[in-house]
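Enquirer: Just passing along the structure, written as structure tokens.
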Amino acid sequence: MNRPPFGSDPSLAPGVSGVGRNSETTPQFSDPVMIPRLELCVEREAGKATERVVVLEGELFRIGSHASNDLVITDPMVSRFHCRIARGPGGFRLLDTGSLNGSRIGGVRLRDADLPLPECRIELGESIVRVRELSATAADDVPAAPSFGSIFGASLGMRRMFELLKRVAKTDANVLIEGESGTGKELIATEIVRRSPRANKPLVIVDCGAISPNLIESELFGHVRGAFTGAERNRVGAFEAADGGTVFLDEIGELPLDMQPKLLRAIASRDIRRMGENQSRKVDVRVVAATNRRLEREVNLGRFREDLYYRLSVVTVRVPPLRERIEDVPLLVNCFLSALEATDKAHLFSPEVLSEMSRHDWPGNVRELRNYVERLVVLETEAPSFRDEEDGALGAADKPTSAAAAVDIEVPFKTAKDTMIDQFERAYLTMLLAWAEGNVSRAARKAQLDRMYLHRLLQRHGLRRAGALE
Ligand SMILES: Nc1ncnc2c1ncn2[C@@H]1O[C@H](COP(=O)(O)OP(=O)(O)OP(=O)(O)O)[C@@H](O)[C@H]1O
């Protein structure tokens, strides 16, 4: 499993060098943490006038007809998980989570939009919710430390998550970690396990996205000799191998629908059956799962079983994307400089550079930031602005390169682009794998790619046997 290249000492993080000394960018941990509050009033429910008021504290509120939402609306036109109100750097936003009938403000259907606060009305099905911003309250249960083991973050969202992780790690509850790619879900799973009563027991990782659908059952539950063509000997699956410990199901949103009842059964009844075997075996396993999909949306769309979703998400940990906690950038830069033993390169990250970095969207999240820091340290250069980088890429297209030579405008743009990317990936990966003599971890280090991601790429291009996790 991937371990971060730095230790878990939080003192490594802030103020190692010039980066983060700036008081504008360094969070003041002694300041009281303020928790935002919203008043939600259901003014109309399923077409009937009403007045039901709830006051919610936090940064994320879920609205829908299912009982597990923060605000439950009984209206047949409202989806089970209809929408969310989430706080970002610019204030609260409304996010429709794939509802059937949509979420509207002022009659306009919205998928992702700023909430016009201090007061507005959201229309859902035949219901209306009035949203009012209240003054924030001071919180005393948010940890001051800007880290949790090897996970770093000083923003309110991250520190609240640390508090949740601290509590959940001690229990035996199944945990679902939701977050975009590169937000640190695997790191979080590792920290949970490291602090759990099962810390000294096996941890088995299964990347559901990296295993072909016909092998996943054997990967999870094992098989006996002759169970299918090619099953030449008995094989122990992840659940049996992890008996007494934990199974980490990465990319759980990719689990094929027909496998979902089998997983549900294994979790609920705590027994498994190897493929090709009649008798079942008892297993004692805690399940930690992660996904970069919104599983609620997948449930709404019928692509993920609701009963399995509830079994997995006894506790849900939502990891905020980096763009929602941009104030974490200086701290993370410091962490990565320490990890690279390159704190003497802190001058590369001047306040101007940091400010430029804080305007970037970071679609690849912390992984992208880490790669960016590593690249600058290796190249020992002042950071190019993101605009320069983009311009550079565009400028390159003007030159008569082999890519330009291969352009065929008879092919639609998207198809041509996809083909080109495909060819490039294949050529790169083939050479990379040859250089690393087939060792994926070595190849991942060389290419500065996450090992799991490289695994998926190799599998997509048929360059590695599906399910061959290291
Ligand atoms: N808060 C953090 N503090 C320090 N390092 C982090 C943090 N978040 C992510 N990282 C680093 O970023 C990289 C990506 O993290 P990780 O693989 O855990 O992400 P992920 O969400 O599981 O991604 P994916 O969904 O693509 O598998 C790792 O090198 C990890 O150590």
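Enquirer: Run ALA145 past the list (1) touching a strand residue (DSSP E or B) at 6+ places or on another chain (Cβ under 9 Å); (2) within 16 Å of the ligand (Cβ to nearest atom); (3) aliphatic (A, V, I, L, M) and report the number of the one that doesn't hold.
Expert: Tallying (1) touching a strand residue (DSSP E or B) at 6+ places or on another chain (Cβ under 9 Å); (2) within 16 Å of the ligand (Cβ to nearest atom); (3) aliphatic (A, V, I, L, M), ALA145 fails exactly one: (1).
Enquirer: Look at SER338 and say whether it is out of contact with any helix residue (DSSP H, G or I) (no Cβ under 6 Å at 6 or more places or on another chain), outside the structural domain of GLY230 (by the TED database) and among the small types (Gly, Ala, Ser).
Expert: no
Enquirer: Modelled with pLDDT of 75 or more and farther than 20 Å from ARG375 by Cβ: does that describe ARG426?
Expert: yes
Enquirer: Then there is this: Looking only at residues in region 221-259 that are more than 22 Å from MET452 (Cα to Cα) and polar (S, T, N, Q), which one is farthest from the chain's Cα centre (by Cα)?
Expert: Ranking the candidates gives THR229 first.
Enquirer: What pairs come up if the first residue lies in region 353-367 and is within 11 Å of THR183 (Cβ to Cβ) and within 16 Å of the ligand (Cβ to nearest atom), the second is assigned to a helix (DSSP H, G or I) and polar (S, T, N, Q), and their beta carbons are under 8 Å apart, counting only those six or more places apart or on different chains?
Expert: GLY364/ASN371
Enquirer: Taking the condition of being near the ligand (Cβ under 10 Å from one of its atoms), over 18 Å from GLU254 (Cα atoms) and surrounded by fewer than 22 Cβ atoms within 10 Å (Cβ to Cβ), how many residues in region 163-190 meet it?
Expert: 1
Quick grid of which residues meet (1) surrounded by 17 or more Cβ atoms within 10 Å (Cβ to Cβ); (2) free of Cβ contacts under 8 Å to residues at least 12 places away in the same chain; (3) in contact with a helix residue (DSSP H, G or I) (Cβ under 7 Å, 6 or more places away or on another chain):
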site	(1), (2), (3)
ILE192	yes, no, yes
SER196	yes, no, yes
VAL204	yes, no, yes
ASP207	yes, no, yes
LEU215	no, no, no
LEU249	yes, no, no
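Enquirer: Tell me yes or no: at least one residue of region 254-270 is part of a helix (DSSP H, G or I), modelled with pLDDT under 95 and within 16 Å of the ligand (Cβ to nearest atom).
Expert: yes
So that you can scan it fast, the table gives a plain yes or no per residue for (1) within 16 Å of the ligand (Cβ to nearest atom); (2) buried (at least 18 other Cβ atoms within 10 Å of the Cβ); (3) hydroxyl-bearing (Ser, Thr, Tyr); (4) farther than 20 Å from GLU217 by Cβ:
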residue	(1), (2), (3), (4)
ARG281	no, no, no, no
ARG293	yes, no, no, yes
GLU306	no, no, no, yes
TYR310	no, no, yes, yes
VAL315	no, no, no, yes
VAL333	yes, yes, no, yes
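Enquirer: All but one of (1) near the ligand (Cβ under 10 Å from one of its atoms); (2) surrounded by fewer than 21 Cβ atoms within 10 Å (Cβ to Cβ) hold for ILE128; which doesn't?
Expert: Of the numbered conditions (1) near the ligand (Cβ under 10 Å from one of its atoms); (2) surrounded by fewer than 21 Cβ atoms within 10 Å (Cβ to Cβ), the odd one out for ILE128 is (1).
The values are calculated or read from the model by the stated rules, or taken from the named source; none is laboratory data. Computed from a predicted structure; not experimentally measured. With ideal geometry, Cβ positions are generated from the backbone for all residues, glycine too; neighbour counts draw on all protein chains shown.
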